[in-house]
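Only one structure is covered here, and it is reproduced in the block below.
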Amino acid sequence: MRRLVVGNWKMNRTVPEAAAFVGSLLPLLSPAADREIAIAPPFTALAAVAPLLKGGALLLAAQDLFWEDEGPYTGEVSGVMLQEVGVSYVLVAHSERRHHLEETDRIAGLKVRAALRTGLKPILCVGEDEAERAAGRAHAVVRAQIARGLEGSVPAEAPRLQIAYEPVWAIGTGRAATPAQAAEMHDVIRRELRGVLKEGAPAVRVLYGGSVTPDNVDELMRAPGIDGLLVGGASLHADQFARIASYR
Ligand code: PGA
């Protein structure tokens with residue numbers, strides 16, 4: 001299975017800034033057959049950045065999509081529109097959207113369906129918060145997020161599905177999960193995937209996200225069951241993101 005490293009820019013970068021960043025990042029990347037590298041700029045920069053990603057060394061991801069393809073949904077962007085501008089991957093239900101916009105597992109499920117229907121590859125984000133972990137509920141929370149987020153998915157869709165395990169307490173805090181904590185949850189996720197997607201489960205990539213840096217990336221990527229990374233803060237620095245993408 002090819003690994004996947006995605007840089008989530010969140011609500012950062014104007015169009016000229018995004019273009020300049022891609023210009024500085026591309027020469028730092030060393031293409032490798034065993035991994036894919038993607039960036040997720042804000043919606044406004046997608047169309048401008050797409051033609052700069054020549055040769056496929058860098059793929060384009062979006063940070064969200066709506067669950068209908070067109071219609072009276074003010075402010076929303078559909079999978080059809082993202083596909084048209086060259087997007088391959090799309091984040092679904094990032095914890096910041098779950099928190100600030102009250103996105104639910106039901107919404108996540110609709111968005112996963114929409115992404116698959118429109119030819120995109122969804123990255124369903126899951127993860128427990130600090131209180132849930134302290135209460136011993138981390139496994140149950142993550143399993144429920146997966147079961148509901150993948151409702152209606154069938155084994156044949158598995159090669160296009162990604163799960164990103166991002167413990168909320170690790171996002172933007174500088175407190176990454178230890179490789180052992182990540183590996184333990186990835187194992188739980190893999191077992192839940194077996195229940196939901198049966199024989200398709202091994203084809204799903206399970207990424208880790210939360211305070212990934214050049215200093216912890218190699219260790220995290222050596223942990224069992226980690227098929228890639230979702231990188232926030234460090235993806236805004238070309239040298240750091242390039243180093244992360246060339247984990248060893
Ligand atoms: P971080 O963010 O790397 O800044 O912790 C990860 C994410 O939110 O995807």
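The values are calculated or read from the model by the stated rules, or taken from the named source; none is laboratory data. Everything numeric here is computed off the predicted structure, so don't read it as measured data. All Cβ positions, glycine included, derive from the backbone under ideal geometry; neighbour counts span all protein chains shown. For accessibility, only protein heavy atoms count, side chains too; no ligands or nucleic acids. Shrake-Rupley method; radii C 1.70, N 1.55, O 1.52, S 1.80 Å.
Of all alpha-carbon pairs in segment 78-142, indicate the percentage at a distance above 20 angstrom. Here the long-distance tail beyond 20 Å is 35 percent of all Cα pairs in segment 78-142.
Applying the criteria of a DSSP loop state and at most 14 other Cβ atoms within 10 Å to the trypsin sites (Lys or Arg not before Pro) of segment 197-238 yields no site.
Once neighbouring chains are kept in place and the probe is 1.4 Å, which whole percent of the accessible area of segment 108-248 is contributed by carbon and sulfur? Please list the in-between numbers first.
Working: 2840 of 5460 Å².
Carbon with sulfur: 52 percent of the solvent-accessible area.
If you run the Gaussian network model on the chain, springs between alpha carbon atoms under 10 Å, then out of 49, 212, 188 the most flexible one is 188. Using a simple spin-label model with pseudo-atoms 7 Å out from Cα toward Cβ, residue 44 and residue 147 lie 4.2 nm apart. Taking a point 7 Å out from the Cα of residue 100 in the direction of its Cβ, the residues of segment 45-72 whose backbone N falls within less than 15 Å of it are 63-65. In the chain, Cα pairs under 8 Å separated by at least six residues give a relative contact order of 20 percent. Using the Stokes-Einstein relation with a Kirkwood hydrodynamic radius computed over Cα pairs, the translational diffusion coefficient of segment 19-131 at 37 °C and a viscosity of 0.692 mPa s comes to 219 µm²/s. The stretch between residue 134 and residue 194, if pulled fully straight at 0.36 nm per residue, gains 18.9 nm over its current Cα-Cα span.
Per residue, the chain exposes an accessible area of 44 Å² to a 1.4 Å probe, with every protein chain left in place.
Here the relative contact order of segment 89-205, from alpha carbon pairs under 8 Å that lie six or more residues apart, stands at 28 percent.
With a ≥ b ≥ c the root eigenvalues of the C-alpha gyration tensor of segment 38-93, is it rounded (a/c under 1.5), prolate (a/b larger than b/c) or oblate? Because a/c hits 1.5 or more and a/b exceeds b/c, segment 38-93 counts as prolate.
Which one, 161, 53, 124, has the greatest fluctuation when you compute a Gaussian network model over the chain with C-alpha springs under 10 angstrom? Per the Cα network of the chain with a 10 Å cutoff, 53 tops the list.
Using a ≥ b ≥ c from the Cα gyration tensor of segment 123-248 (square roots of the eigenvalues), is it rounded, prolate or oblate, where a/c under 1.5 gives rounded and otherwise the larger of a/b and b/c decides, a/b for prolate?
In terms of gyration-tensor shape, oblate.
Here the gap between residue 32 and residue 12, fully extended at 0.36 nm per residue and compared with their Cα-Cα distance, gives a gain of 4.4 nm. Taking only alpha carbon atoms, the chain gives an Rg to Rh ratio of 0.93, where Rh is the Kirkwood radius. Each label point was placed 7 Å from the Cα along the Cα-to-Cβ direction; for residue 213 and residue 69 their separation is 4.6 nm.
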